[in-house]
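First the structure, in the form of structure tokens, and then the observations on it.
Bear in mind that the values in this text are calculations on the coordinates, not laboratory data. Just so it is clear, the model here is predicted, and its values are computed rather than measured. Note that we place each Cβ from the backbone using ideal geometry, even for glycine, and neighbour counts take in every protein chain shown.
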Amino acid sequence: MSGTTAMSGVSVPDRVGSVARWSAAFVGSLFVFGLFVAARGEDPIDAIRAIIESAVGDADALGETAIRATPLLLGALAVAVPARAGLFNIGGEGQLALGAVGAVGMSQMLGGSAPTFVTLILMALAGAAAGAVWAGGAAVLREVFGTNEIITTLLLNYVAAIIVTWLVFEPWKDPASLGQAYSVELDGRSRLPVITGNRVHLGVIVALLIAVVIWLVLARTRWGFRLRVLGGNPEAGRRAGFGVVGLTTGAMVLGGALAGLGGMIEVAGVEGRLRPGILVGFGYTAFLASWLAKHDPLRAIAASLLLGGIIVGGFGLKIATGLSGGAVDVLTALILLGVLGFAQFREAI
Amino acid sequence: MLLESVLTGAVRGGTSILFPTIGEVIAERSGVVNLGTEGCMLTGALTAYAVGIETGSAWLGVLAGVAAGGALAALHAFMVITRKSNQIATGLVITFLALGLTSLFGQDYVGQGVNALEPVSIPGLADLPFFGPVLFDHDVLTYASFAAGPLAWWVLFRTRIGMTVRAAGERPEVLEAFGTSPALVRYGAVIVGGMLAGLGGAQLSTAFTLNWSENMTVGRGFVAVALVIFAAWDPRKAMAGAYLFSGSISLQLQLQARGSGISRYLLEAVPYLAVIAVLVLLSSRRRHAGPESLSRVI
Amino acid sequence: MFKKSVRMLALLAALALAAAGCGADGSAGADTDDEAATSSDGDVVVGFIYVGPKDDFGYNQAAYEGSQAVDALDGVTVIQAENVPETSEAEVVMSNMIDEGAKLIFATSYGHLEFARNLAEQHPDVVFVHQGGLEGEDLPNLGTYFGTVYEPVYTAGIAAGAASETGKIGFIYAFPIPQTLANINAFTLGAQSVNPEIETITISTGSWCDPGLQAEATNSLLDQDVDVITQHQDCTKTIIEATEAAGAYSVGYHADASSLAPNGWLTGSEWDWDATYVDITETVMAGDFATSEYNGDFRVGLQTGENPFVQSAYGSSVSDETIALIDAAREGFVSGGSPFAGPVMNQAGEAVYAEGEQPTYDEVETMDFFVQGVVGNIG
């Protein structure tokens, strides 16, 4: 965070060095990934080509990458905002899932009675509220009892997943599902419109706009400035008379709301109903995306596209080689190791 | 009797969480958090299973699992100590890496038979009412885990090595002044922590479940990290934490088997809610129990 | 900070270009293999997606082995993807397969159905078959297929009921989906056919494969004096070995695991998909799918043919008398009977199927209750 501001003023040779380090980190991680692929008896070049073709090979592939990156971006912002205040939100997973729950609940409450635009706005608000409550719970526990938010947000992910399972097997189960466990399909007014291709929905644009807004809030408002001060040095924040509790809680709640909105967008734009496996794994990937972007909302766009692309690339990889589905996790992890350890400025321990 | 069953289950299922918890206490005492504990556990589970199959020796498997957990922790140490990357983020990355690698290289071992670490009943004691099944009818690693907490406490608080580790976590500058590199000490503590996480994973795959499947730790390593706070960074109390979690799992399954009629979804959430609830109750007291350097990290 | 984003995007683009370059280099020579995978040389491409690892020693592995029989056909190339979750990701993966030239796709997990249906609407030239679900909507290029799993589970229940001395048998399952409920009920009814007092104690793990929970669930059942344990899980090894170690009897599922339980193995049920998969593939290749029995909800059970879900070999402790009972029950199913022939009571003692009544195959697949004698709650 303080590193980011320091970097704005770097000289030209430093910038060249930075590009070199980033490139080395990416090439290095691809190389190590290739070694692992080769160790499994597959051709690394074929594997990497399969990933890239599947992620960015044609318009459909690019669309899929954008679709996948959308909840990741909002999940990353959910990490970035609290991180500015020095908090860790590892609960994106649960907040995304509950955002989907909130949105579906709102849609069912409205029952198609409101016009599309109003329905979608209310669903977004409900999703954001649900995510905010989930994150806010962890924030309150932190402020009132001093319970570490890393631990609570992490453990609450498991609870959120159980809530989703319960809903789709019990109260929200679609009676016409012929045995399948999922909620009733969202009505037409509760679906985000497709803007291009078969599946690319309006949520992609919304997420981009929100990233810009969050960037402005963090970079240009007094609130954002205070968060940064607090994250850099809590004592200074306290001495400056900031309402520290309000700031940190607010950051966490805003983070949860962003993740919740991500959940709403996924369910209204892609899934169309609540199901047991919805958004599983997205929260953790989003956490990594935020770190890749050093909690900068604009860079989080690129980071989400990269990690989303790797996931989508993994689909092609699975089909083209016999490699297990976990193979792309290795690539993601290696890129993160390269970036965290080598490309980014060092943080003090 | 419900209590006996739940406690027996708590001990049986708790070993694989207890070792990683103690390991993470040691790492955090030196000033490093390792969320990669989950990954170290998973790696230990697969390595122990695979080496056990390839060599035909369960004990060689356990050793390999310990080594693999330590190796992955060494990567974490290198990243956060030498490359100064963020501990929390790096830990999650380490877990991601382990998930991917064990999925990639574990394919050949799914469902394969392994030489198990069999339970060894302690003659005489195993027949005691209540205490027999709860304490004296387990595998050797579980017996070892009974001693691990007190032993780790003794090393940390009663030996020179332990003092050095704690100094790295509390006053690294003092350690430095006396000519010992806090970085080196932290490397050691993190690697030992990873080895214990690997040991927990090895127990899970080769003694408790006799199985390998993708992501078979399902968050047990994360829970171990949570339990460190519960234990107030005291390895002796790690046991209570580990058994709280495994005991909650055992309780929910026992209640199902007794036809309790309680919602299965609620029961499933019990272990996580129990850990959160206890942490909340204890955290006002334990807030300042942690090593000084950690407060700068988390 | 805009600059940083631009730089990262530029790097991404560079990466893509570099890899595209690799692709261009590769396509000159080494690409012939790749070409063979698409339909350019006349091979029909058949895709398979699995919800878990294809070597899970259970449900997914059984499907994978069936796919290998399809791959062995002349003029067929099989492409696969494992670990495909039951979310819209399944739709994306199957789309990728269509891009690779797939003309027939086997969606092998229960929750893949909706996504197969969506794609079937968009791609009338591609045939989708789904394992285990009900089609719901009449599309000319979509069908479902399944065995009647509960028939061999019922007969295995007979073996369990005969073996149990305590009158308590255990069933570990993942989620209360209709297939599982039908299995639990069939197992119970089979056991009750030899011992009306039998109780089936159920535990759900909330996961298709969590060995840690499985081990403890097995122990919880054993604590209740259960002496026969079976399951509906994707990975089965942990439960069978824990049961064997306790000296109790095992009834397997998905795969023959008798080697894991040399003393306690009774029997089990396992998949043999080869014939069904091959026949579906040949039907599609001949262009006859739309008019075939596979275009709909194809259920093969003992009434209608060879059930792909077959009973495993017997363990040594199963008596000739029990085997005779099982054979008789199977004969009954072949000649039109059902494990759920009335009267069947639910847990509250109400008759769900009255005397003389029996559900159709389709009706069984929406089952939502436990029969009398099952301990446990669905919700």
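Restricting to DSSP H runs of at least four residues, report the calculated mean residue ellipticity at 222 nm for chain B, -39500 (n - 2.57) per run over all residues, nearest 500 deg cm²/dmol.
Rounded to the nearest 500, it is -23500 deg cm²/dmol.
Over the Cα atoms of the protein assembly as shown, what Rg and Dmax result, in angstrom?
28.1, 90
Relative to the first principal axis of the alpha-carbon coordinates of chain B, what is the inclination of helix B:182-203, with its axis defined by its Cα atoms, in degrees from 0 to 90 and to the nearest 10?
Taking the Cα atoms of chain B, the angle to B:182-203 is about 10 degrees.
As a check on your grasp of the helix formula, calculate [θ] at 222 nm for chain A: sum -39500 (n - 2.57) over DSSP H runs of n ≥ 4, divide by the residue count, round to the nearest 500.
Taken over chain A, the calculation gives -24000 deg cm²/dmol.
Rounding to the nearest 20 debye, state how big the charge dipole of chain C is about its Cα centre with +1 on each Lys and Arg Cβ and -1 on each Asp and Glu Cβ.
1100
Tell me, what is a quarter of the convex hull surface for the C-alpha atoms of chain C, in nm² with one decimal?
Averaging across all directions leaves 23.3 nm² for the Cα convex hull.
How high is the relative contact order of chain C, in percent, counting Cα pairs under 8 Å that sit 6 or more residues apart?
Result for chain C is 16 percent.
Put a dot 7 Å past each Cα toward the Cβ at B:ASN115 and C:ASP125; how far apart are the dots in nm?
5.8
Using the Karplus curve 6.51 cos²θ - 1.76 cosθ + 1.60 with θ = phi - 60°, work out ³J(HN,Hα) for each residue of the range C:172-177 in order, rounded to whole Hz, and write x for Gly and Pro.
For the range C:172-177, the Karplus curve yields 9, 9, 9, 9, x, 7 Hz.
Show that you can apply the helix-only estimate: for chain C, add -39,500 (n - 2.57) for every DSSP H stretch of four or more residues, divide by all residues, and state [θ] at 222 nm to the nearest 500.
When only DSSP H runs of four or more count, the value is -12500 deg cm²/dmol.
Can you compute the charge dipole magnitude of the range A:1-157 about its Cα centre, using +1 on each Lys and Arg Cβ and -1 on each Asp and Glu Cβ, nothing else charged? Give it in debye, rounded to the nearest 20.
460
With both partners inside the range C:245-367, how many of the DSSP beta bridges are antiparallel, as a percent to the nearest 5?
50
How long is chain A along each principal axis, judged by its Cα atoms, biggest number first, in Å?
63, 60, 34
Exceeding 30 Å between C-alpha atoms, which entries from my cross-link table qualify? They are B:LYS237/C:LYS54; C:LYS168/C:LYS237; B:LYS84/C:LYS54; A:LYS294/B:LYS237.
Violating the 30 Å limit, Cα to Cα: B:LYS237/C:LYS54; B:LYS84/C:LYS54; A:LYS294/B:LYS237.
Report the normalised scattering of the range C:293-339 as log10 I(q)/I(0) at q = 0.23 Å⁻¹, calculated by the Debye formula with identical scatterers on the alpha carbons.
The computed values of log10 I(q)/I(0) come out as -0.90.
State, in angstrom, two size descriptors of the range A:194-237 derived from its alpha carbons: Rg to one decimal place and Dmax to the nearest whole number.
Computed over the Cα atoms of the range A:194-237, radius of gyration and Dmax are 16.3, 52 Å.
Tabulate in residue order the Karplus-calculated ³J(HN,Hα) for the range A:295-303, using 6.51 cos²θ - 1.76 cosθ + 1.60 with θ = phi - 60°, rounded to whole Hz; enter x for Gly and Pro.
Computed from phi, the couplings for the range A:295-303 are 6, 9, x, 6, 5, 4, 4, 5, 5 Hz.
Pull out a ≥ b ≥ c, the square roots of the eigenvalues of the alpha-carbon gyration tensor of the range A:154-278, then state rounded if a/c is under 1.5, prolate if not and a/b is larger than b/c, and oblate in the remaining case. Mind showing how you got there, number by number?
On the way: a/c = 4.26, a/b = 1.83, b/c = 2.33.
In terms of gyration-tensor shape, oblate.
Once each part is reduced to its C-alpha centroid, what is the distance from the range A:273-349 to the range C:299-322 in angstrom?
First find each Cα centre; the distance between them is then 47 Å.
How many nm separate the modelled label positions at A:ASP174 and B:PHE146, each set 7 Å beyond the Cα in the direction of the Cβ?
So the two model labels end up 5.4 nm from each other.
Where a ≥ b ≥ c are the square roots of the eigenvalues of the C-alpha gyration tensor, would you call chain B rounded, which needs a/c under 1.5, or, failing that, prolate if a/b is larger than b/c, or oblate?
The shape class here is prolate.
At 20 Å minimum axial length over the Cα atoms and a Kyte-Doolittle cut of -0.5, report the qualifying DSSP H helices in chain C, or say none. Show your work: numbers first, answer last.
Working: long enough: C:2-28 (39 Å, 1.04); C:178-194 (25 Å, 0.37); C:320-334 (21 Å, 0.37).
Those that clear 20 Å and a mean of -0.5 are C:2-28, C:178-194, C:320-334.
Of C:THR202, C:THR304, C:THR218, which is the most mobile in a GNM of chain C whose springs link Cα atoms less than 10 angstrom apart?
Result for chain C, Cα springs under 10 Å: C:THR304 fluctuates most.
For C:GLY47, which sequence-distant residues (separation of 5 or more, or a different chain) have an amide H within less than 5 Å of its own amide H, given hydrogens modelled in the peptide plane?
For C:GLY47, the qualifying residues are C:ILE79, C:LYS103, C:LEU104, C:ILE105, C:PHE106.
Express as a percent, rounded to the nearest 5, the fraction of DSSP beta bridges in the protein assembly as shown (both residues included) that run antiparallel.
20
Using only Cα atoms and rounding to the nearest 10 degrees, what angle (0 to 90) does helix B:220-230 make with the longest principal axis of chain B?
Between helix and principal axis, roughly 60 degrees.
Give me, ordered by chain and number, the residues 5 or more places off B:VAL120 or on other chains with an amide H under 5 Å from its own placed amide H.
Those lying under 5 Å, H to H, from B:VAL120 are B:HIS138, B:ASP139, B:VAL140.
For the range A:305-322, just list the computed ³J(HN,Hα) in residue order, Karplus coefficients 6.51, -1.76 and 1.60, θ = phi - 60°, integers in Hz, with x standing in for Gly and Pro.
So the J values, rounded to whole Hz, are 5, 5, 5, x, x, 5, 5, 5, x, x, 4, x, 4, 4, 6, 6, 10, x.
Select from B:SER260, B:GLY194, B:TYR143 the residue farthest towards the positive end of the dipole of chain B; place +1 on Cβ of Lys and Arg, -1 on Cβ of Asp and Glu, and compute about the Cα centre.
Checking the options against the dipole of chain B, the answer is B:GLY194.
Quick one: if you stick a label point 7 Å off each Cα along the C-beta vector at A:PHE31 and C:VAL310, how many nm between them?
Going by the 7 Å Cα→Cβ label model, 5.3 nm.
Kirkwood hydrodynamic radius (Cα pairs, Å) of the range A:139-224?
One decimal place: 17.2 Å for the Kirkwood radius.
Highest mean first, how do B:47-60, C:142-155, C:337-350 rank when packing is the count of other Cβ atoms within 10 Å averaged over residues?
Output ranking for B:47-60, C:142-155, C:337-350: C:142-155, B:47-60, C:337-350.
Calculate the dipole size of chain B relative to its Cα centre from +1 charges on Lys and Arg beta carbons and -1 charges on Asp and Glu beta carbons; express the result in debye to the nearest 20.
Numbers: 18 positive and 17 negative charges, 193 e Å.
The dipole of chain B has a size of about 920 debye.
Which of the listed residues, A:VAL253, A:PHE242, A:LEU292, is farthest toward the dipole's positive end in the range A:224-295, when Lys, Arg count +1 and Asp, Glu count -1 at the beta-carbon?
Sorting the options by dipole projection puts first A:PHE242.
Please state the shape class of the range A:215-349: rounded when a/c is under 1.5, otherwise prolate if a/b exceeds b/c and oblate if not, all from the C-alpha gyration tensor.
Details: a/c = 2.92, a/b = 1.61, b/c = 1.81.
Oblate, since a/c reaches 1.5 and b/c is not below a/b.
For C:TYR249, what residues show an amide H to amide H distance below 5 Å, using hydrogens built from the backbone and excluding near sequence neighbours?
C:VAL228, C:ILE229
Can you tell me the FRET efficiency between C:ASP279 and C:GLN347 if r is taken as the Cβ-Cβ distance and R0 is 30 Å, rounded to the nearest 0.05?
Efficiency, from the Cβ-Cβ distance: 0.15.
Efficiency by 1/(1 + (r/R0)^6): what FRET value for B:SER181 and C:ASP272, r their Cβ-Cβ distance, R0 = 56 Å, to the nearest 0.05?
E(calc), rounded to 0.05, equals 0.35.
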